[in-house]
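See below for the structure under consideration.
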Amino acid sequence: MNFGLSDEQGLLQDAIRGFLEEQTPLDSIREFAADGNGLQAEIWQGLIELGATGVIIPEQFGGSALGMFDATVIMEAIGRTVAPVPYISTAVLAPIALLGSGSDAQQQDWLNKISAGDVMFGVGLTEATGVRRDAGLKLVGSKLSGKALFVIDGLKADQLILAVGSDTLVMVDANAMGLTRNRLNVSDKTRGMAEVLLDQADCELIGAAGSAAQTISKMIDAGRIGLAAESFGAAEILLYRARDYALERNQFERPIGSFQSIKHLCAEMISDLEPCRSLIWYAAYAYDELPEEASLMACHAKANTQEVGKMVARSATEIHGGMGFTDLMGLHYWLKRIELNRQLLGGPEATREAAARLQGLVA
Amino acid sequence: MDLKFSEEHEGFRKQVQAFLKEHKATAPTMKAVNGTSAAPTPEVKRWQKILIENGYTARTIPKEYGGYGGEADLIKGLIIQEEFIAADVSTGLTGQGISMLVPTLLELGTEEQKQKWVGPTIRGEVVWCQGYSEPGAGSDLASLKTKAVVEGDQFVINGQKIWTSSAHFSDMCFILVRTEPDAPKHHGISYLLMPMTTPGIEVRPLVTITGDAMFNEMFLTDVKIGVDQIVDQRGKGWMVANATLKHERGMIGNPAQTEANLNALMKLMKAETCDGIRAVDMPVYRDRLMRLQGRLLGLKLHSLRLLSDDLNGKAPDHGGLIVKYSSAYLNHEVYSLGIDVMGELGTLYNGDAYQSELDWQKMYLGSFAGIIGGGTAQIQKNVISERGLGMPREPRVTLDNKGWAMM
């Protein structure tokens, strides 16, 4: 038995973390956040070269046929560095859509491109996870009209995969006639969230209309696990930055980290955060190996990590005092990533309700 | 990640399940053994004997000392826990003698001490209490003042202990006393084995918020025991006690038990109604239940991670430090929700006719012991931040005649 990373996964983690940490000093995060597109091309290219986009793609399509667990290891590393890359959409959600419901030709074409890093996807699932305001899509034949909000990584993507209702998936070229996309001004500037307006835009169905409910459900599970892993990585960094700051910062002739008020905050952070690691690992493992448990574990991994992540982000900011509130420290990039992830694909209340439903607790 | 158990372990699970099926009808429940504060009944002792013979308790204690003599196997231990809790069958006695003294004697006792005490203790024939805390020595245990002086071939003990659970029916006490008053505080303590029938011991029950006398105060006046009734050397008692505390910290906080409580809570919420609406159908309560389930899953899987690390020879990290702290609050909140879903009915306890099957109020009140006992949650947080996160100790302060001053 081994509850944790295999030797190979340990190497993968070291490689991805090492690369991302080198590429994302605070100054550069600040720089690429300024344009708010959620894409830093060199980092994305580096991840492609490390094989990161193909981890859940079968070998016949150029991938490495690893699994969601490996993707989760990568997502955690992305969260640690708030790297602005369309990973979850392109390397996790799009392949699941295509593998679950795509035709042979679609799989052949797009999965190879994803493995090779030749395409970026944006993914919009809010029709299945919660519709806001006047959003809504309508499919007539192969013409798509309406509005999709919070299309993940949608701003710079080449292709968009959108849920229409909770049982139909379509793919639309981001430059198609009749398609307009606008940046949503979310506080997290490291991820490009888009509003997509469609007026009779040509699209391609992924699977027959009404046949993709199960695939969409798998995308939501994987997305929740991946977002939880990102938030976990971000929260762990915030915790240790707060600890380090508390050891450096002196007041009353002693490091503030020697005051129990600060020590206890740190102890609470790590006590609540550490179990999230095991919960996320297990959820990813369930996704790969125990499909009957995957949805429930994904809900709990997301809800619990986001509650804890929020608490950690707040406590870590507090420990930095006034500096935590400034842009100088840059902590807010991690805080904002956690805040955005909390809401995507269902906030804690929604995912807990989904967990209850899965157990037959909702009449 | 590989969570598949080997064929040997899957076979072992089947063996445990078959055993439980065979004995379920006559076996005492978890609560019947661990939920009482009284000496083990003949019935419980009979069950304990069966468990030892089959290797379901005292599993790794060598045969020559009365145990089963099995090899240490963490996964088998886990399987036993899981299956017994699922079947609501008692895994046997767990008093402080068994969970703390026995491992300590096996580690540090003389051959004679092991021969004399281990067997009778695990069989439930000898019941122990722990004489550690004092009114003035709680979180700062090493400042204890109960003293023992040597007169001839005897220790003469004087002082006062508190929180000695089960002292009112114990046969023996493992007790910390100050034998070297001039040594630094951690080096002046000895660990003694004291028969509770010795003249000079007065035990007064300490009624707790549960209404029961789970604990006692113990007054010691010229209590005389042989100088050979010591574990390890004079002045080494702190080291011996720490070997024991290590076992206690592991003991408090069992996610499998919390899981059983959460399952009971789910059952309660499907049955209990207000204005004819089931608790589980009220979204606010349902959300609280799901929050607790998420935290429980985290802690349960975290414990599995720790077990796996242990199994694979990984050095322990900060992970082990958080289990006791987190489980204590989680248990408290599970019981709290049990009470809240029952509303006014939740305040009933001790066998009121309107109570539900389980005594949620009493379990809730009892859960404070988990938060405070074995090192309060605040002490746990000091330990987690210092040992887990490498943060400094709070500087010591002293009171001089001008006010508080740093030392």
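How many residues does the range A:51-92 contain that are farther than 17 Å from A:Gly10 by Cα, part of a helix (DSSP H, G or I) and out of contact with any Gly (no Cβ under 6 Å at 6 or more places or on another chain)?
Matching residues across the range A:51-92 total 7.
Which one is nearest to the chain's Cα centre (by Cα), of the residues in the range A:22-39 that are among the aliphatic types (A, V, I, L, M) and under 9 Å from A:Ala83 (Cα atoms)?
In the first step, residues of the range A:22-39 are kept if they are among the aliphatic types (A, V, I, L, M); the result is A:26, A:29, A:33-34, A:39.
Now narrow it down to the ones that are under 9 Å from A:Ala83 (Cα atoms): A:29, A:39.
On the way: A:Ile29: 17, A:Leu39: 14 Å.
The extreme case among them is A:Leu39.
Using beta carbons and a limit of 7 Å, which pairs, at least six apart or on different chains, have the first residue in the range B:270-283 and touching a residue at least 12 places away in the same chain (Cβ under 8 Å) and the second one of a type in the set (Asp, Glu) and surrounded by 14 or more Cβ atoms within 10 Å (Cβ to Cβ)?
B:Ala279/B:Glu272
Given the conditions (1) acidic (Asp, Glu); (2) within 19 Å of the chain's Cα centre (by Cα); (3) surrounded by fewer than 16 Cβ atoms within 10 Å (Cβ to Cβ), report the number of the one that B:Asp140 does not fulfil.
Unmet condition: (2).
Could you check the range A:240-261 and list, in sequence order, the residues that are within 8 Å of chain B (Cβ to nearest Cβ) and part of a helix (DSSP H, G or I)?
Going through the range A:240-261, the residues within 8 Å of chain B (Cβ to nearest Cβ) turn out to be A:243, A:246-247, A:254-255, A:257-260.
Answer for the range A:240-261, where residues must be within 8 Å of chain B (Cβ to nearest Cβ) and part of a helix (DSSP H, G or I): A:Arg243, A:Ala246, A:Leu247, A:Gly257, A:Ser258, A:Gln260.
So which residues in the range A:312-326 are within 14 Å of chain B (Cβ to nearest Cβ) and more than 19 Å from the chain's Cα centre (by Cα)?
Of all residues in the range A:312-326, those within 14 Å of chain B (Cβ to nearest Cβ) come to A:312, A:315-316, A:319.
Across the range A:312-326, the qualifying residues are A:Ser315, A:Ala316, A:Ile319.
Consider A:Leu340 carefully, then state whether it is in contact (Cβ under 8 Å) with a residue 24 or more places away in the chain, on the phi < 0 side of the Ramachandran plot and touching a strand residue (DSSP E or B) at 6+ places or on another chain (Cβ under 9 Å).
Working: in contact (Cβ under 8 Å) with a residue 24 or more places away in the chain: yes; on the phi < 0 side of the Ramachandran plot: yes; touching a strand residue (DSSP E or B) at 6+ places or on another chain (Cβ under 9 Å): no.
Taking the combined requirement at face value, the residue does not satisfy it.
Condition first: in contact with a Lys or Arg (Cβ under 8 Å, 6 or more places away or on another chain) and among the β-branched types (Val, Ile, Thr). Now tell me which residues in the range A:325-354 satisfy that.
Of everything in the range A:325-354, those that are in contact with a Lys or Arg (Cβ under 8 Å, 6 or more places away or on another chain) and among the β-branched types (Val, Ile, Thr) turn out to be A:Ile338, A:Thr351.
Give the residues of the range B:1-59 that are in contact with a Pro (Cβ under 8 Å, 6 or more places away or on another chain) and surrounded by fewer than 17 Cβ atoms within 10 Å (Cβ to Cβ), sorted by residue number.
Matches in the range B:1-59: B:Glu43 only.
Hey, can you tell me all the residues within the range B:143-167 that are of a type in the set (S, T, N, Q), within 26 Å of the chain's Cα centre (by Cα) and in a strand (DSSP E or B)? Show your work before the answer.
Kept after step one, since they are of a type in the set (S, T, N, Q), are these residues of the range B:143-167: B:143, B:146, B:154, B:158, B:160, B:164-166.
If we keep only those that are within 26 Å of the chain's Cα centre (by Cα) too, we end up with B:143, B:146, B:160, B:164-166.
Answer for the range B:143-167, where residues must be of a type in the set (S, T, N, Q), within 26 Å of the chain's Cα centre (by Cα) and in a strand (DSSP E or B): just B:Gln160.
Which ones in the range B:60-84 are crowded, with 18+ Cβ neighbours inside 10 Å and among the aliphatic types (A, V, I, L, M)? Talk me through it step by step, then tell me what you get.
Here is the first cut: in the range B:60-84, the residues crowded, with 18+ Cβ neighbours inside 10 Å are B:61, B:65-68, B:76, B:78-80, B:83-84.
Passing the criteria: B:Ile61, B:Leu78, B:Ile79, B:Ile80.
It is to be established whether one or more residues within the range B:273-287 are within 25 Å of the chain's Cα centre (by Cα) and more than 8 Å from chain A (Cβ to nearest Cβ). Before you say what the answer is, go through the steps one by one.
Filtering the range B:273-287 down to residues within 25 Å of the chain's Cα centre (by Cα) leaves none.
No, because not a single residue in the range B:273-287 is within 25 Å of the chain's Cα centre (by Cα) and more than 8 Å from chain A (Cβ to nearest Cβ).
Just for the range A:327-361: of the residues that are at pLDDT 95 or above and part of a loop (DSSP other than H, G, I, E, B), which one is nearest to the other protein chains (Cβ to nearest Cβ)?
This residue is A:Leu361.
When you scan the range A:138-217 for strands (runs of 3 or more DSSP E) that lie fully inside it, which ones turn up with 1 or more residues that are touching a residue at least 24 places away in the same chain (Cβ under 8 Å) and within 13 Å of A:Phe121 (Cα to Cα)? Before you say what the answer is, go through the steps one by one.
Numbers: elements: A:143-151, A:159-164, A:168-173, A:179-183, A:194-202, A:204-206.
It comes to A:143-151, A:159-164, A:168-173, A:194-202.
The values are calculated or read from the model by the stated rules, or taken from the named source; none is laboratory data. Note that this is a predicted model, so its numbers are computed, not measured. Positions of Cβ are backbone-derived with ideal geometry, glycine not excepted, and every protein chain shown enters the neighbour counts.
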